[in-house]
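Reading through the structure tokens given below for one structure.
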Amino acid sequence: MNRRPRRNRQSEVIRNMVQETSLSLNDFIYPLFIIEGQNQRIDVASMPGIARFSTDTLLDEVHSCVELGLKTFAPFPSIPESLKDKYATESHNPDGLFPRAIREIKKNFPEVVLMTDVAMDPYSSDGHDGIVENDEVINDETLEVLGKMALVQAQAGADIVGPSDMMDGRVGHIRRVLDENGFTKTGIMAYTAKYASAFYGPFRDALDSAPKKGDKKTYQMNPANSREALIEAELDTAEGADFLMVKPALAYLDVIKMLRENSHLPIAAYNVSGEYAMIKAAAQNGWLDAEKGMVEVLLSIKRAGADIILSYFAKEFAQYLKK
Ligand SMILES: NCc1[nH]cc(CCC(=O)O)c1CC(=O)O
Ligand SMILES: [Mg+2]
């Protein structure tokens, strides 16, 4: 035989030498869940290893991540039901839980980069990402709320805002509001191709943010579509996005690849809560090795073309690299 591909697999050193894709901590953004209170650390039952932190314990958590070399975080607030309303008013309260937590993190860890979520659902009594009127999520009125929310987050110290709501025109609107208020350096990571997915289940448990009625199919994308992701990418790029994101990651590796090949912007992929839970649950049943599964799926996302990976595995991956 003239060609023997196994020659390049015969030892670890050779395998490492020909390895095409590798992961570094620079690739990761670690999501964090924040709750009101003091000295709280409440496990998320459907996400083993992930907890919701009050601001004080959150600072310890950020500290331990920074020690491991993780520098970028995506915090999400869990808002008490009593503060939710139809218009997500609490989302642009400058003294609300989220802006307070952002200020605390940036004060204690100025080098850390924060990417903050812009969407109404954690603050909405309807549990939707936009304003609900006659059972419909209305687009243009929602943009006003998103603009105010993004501005409050930028004022609190967010480095990058991440609109995850899928309203049309929100990237352009947020860019305008930020610029008009002097926040020309605040970046926008657009959730560009965000699909109406079953894999957000554990996240909605963690934040109590599930829609009270209906689903998100009139704004999140149909899992059957990929060309539509290119339309969203063109619009977000034209509107001023600094990064494009695909979400979820694993069921949409083809979409990640497609955006990578069709855009010059950095591409992020969100390895979402259900994708994390799936591996953790199988591992708890003794059905697969969690660490190997973690590395394999993270590599697949990078191999597909993601420059940036948002993942609940980020801290565990950092610990794995340390060993
Ligand atoms: N707009 C809110 C938002 N931002 C991130 C996620 C999901 C993240 C995850 O599942 O890990 C969601 C949930 C949703 O759209 O219902
Ligand atoms: Mg869009």
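The values are calculated or read from the model by the stated rules, or taken from the named source; none is laboratory data. In this text, all values refer to a predicted model and were calculated from it rather than measured experimentally. Note that each Cβ is placed from the backbone with ideal geometry, even for glycine, and that neighbours are counted across all protein chains shown. Surface accessibility is based on the protein's heavy atoms, side chains included, excluding ligands, DNA and RNA. Shrake-Rupley method; radii C 1.70, N 1.55, O 1.52, S 1.80 Å.
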For this session: Go through (1) of a type in the set (A, V, I, L, M); (2) under 17 Å from residue 164 (Cα atoms); (3) assigned to a loop (DSSP other than H, G, I, E, B) and name the single condition residue 288 misses.
Result: (2)
Problem set entry | Among the residues listed as 224, 206, 193, the single one being away from ligand 2 (no atom under 16 Å from the Cβ) and either more than 26 Å from residue 53 (Cβ to Cβ) or open to solvent by 20 Å² or more (accessible area, probe 1.4 Å) (or both) | 224
Exercise. Within segment 307-318, can you find the residues that are open to solvent by less than 20 Å² (accessible area, probe 1.4 Å) and either in a strand (DSSP E or B) or farther than 17 Å from residue 19 by Cβ (or both)?
Worked result: 309, 310, 311, 312, 313, 314, 318
Exercise. If residue 153 passes every condition in (1) free of Cβ contacts under 8 Å to residues at least 60 places away in the same chain; (2) outside any helix (DSSP H, G or I); (3) of a type outside the set (Phe, Trp, Tyr); (4) open to solvent by less than 10 Å² (accessible area, probe 1.4 Å) but one, which one does it miss?
Worked result: (2)
For this session: Would you check if residue 277 is in a helix (DSSP H, G or I), touching a helix residue (DSSP H, G or I) at 6+ places or on another chain (Cβ under 7 Å) and more than 22 Å from residue 187 (Cα to Cα)?
Result: yes
Problem set entry | Residue ID - farthest from the chain's Cα centre (by Cα), chosen from residues in segment 49-68 that are under 15 Å from residue 313 (Cβ atoms) and open to solvent by 30 Å² or more (accessible area, probe 1.4 Å) | 68
Seminar exercise, completed: Residues of segment 148-169 being within 16 Å of ligand 1 (Cβ to nearest atom) and in contact with a strand residue (DSSP E or B) (Cβ under 9 Å, 6 or more places away or on another chain), in sequence order, are 149, 150, 153, 158, 160, 161, 162, 163, 164, 165, 166, 167
For this session: Just name the residue that is farthest from residue 231 (Cα to Cα) out of those in segment 266-293 that are among the hydrophobic types (A, V, I, L, M, F, W, C) and surrounded by fewer than 21 Cβ atoms within 10 Å (Cβ to Cβ).
Result: 287
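Does at least one position in segment 159-168 carry a residue that is hydroxyl-bearing (Ser, Thr, Tyr), within 16 Å of ligand 2 (Cβ to nearest atom) and not in a helix (DSSP H, G or I)?
yes
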Exercise. Would segment 173-189 turn up any residue that is assigned to a helix (DSSP H, G or I), surrounded by fewer than 19 Cβ atoms within 10 Å (Cβ to Cβ) and among the small types (Gly, Ala, Ser)?
Worked result: no
Problem set entry | Counted residues, segment 215-252 - those being over 16 Å from the mean Cα position of the chain (by Cα) and among the aliphatic types (A, V, I, L, M) | 8
Exercise. Applying the selection to segment 256-269, what residues are of a type in the set (Val, Ile, Thr) and more than 13 Å from residue 300 (Cα to Cα)?
Worked result: 267
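Conditions (1) of a type outside the set (Ser, Thr, Tyr); (2) in contact with a Lys or Arg (Cβ under 8 Å, 6 or more places away or on another chain); (3) surrounded by fewer than 22 Cβ atoms within 10 Å (Cβ to Cβ); (4) at positive phi, marked per residue:
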position: 83; (1), (2), (3), (4): yes, no, yes, no
position: 109; (1), (2), (3), (4): yes, no, yes, no
position: 112; (1), (2), (3), (4): yes, yes, yes, no
position: 117; (1), (2), (3), (4): yes, no, no, no
position: 125; (1), (2), (3), (4): no, yes, yes, no
position: 148; (1), (2), (3), (4): yes, no, yes, no
Problem set entry | Looking only at segment 231-246, and only at residues there that are open to solvent by less than 30 Å² (accessible area, probe 1.4 Å) and either outside any helix (DSSP H, G or I) or more than 16 Å from ligand 1 (Cβ to nearest atom) (or both), the one that is nearest to residue 191 (Cα to Cα) | 245
Seminar exercise, completed: Taking segment 247-265 and the residues there that are outside any helix (DSSP H, G or I) and buried (at least 16 other Cβ atoms within 10 Å of the Cβ), the one that is farthest from ligand 2 (Cβ to nearest atom) would be 249
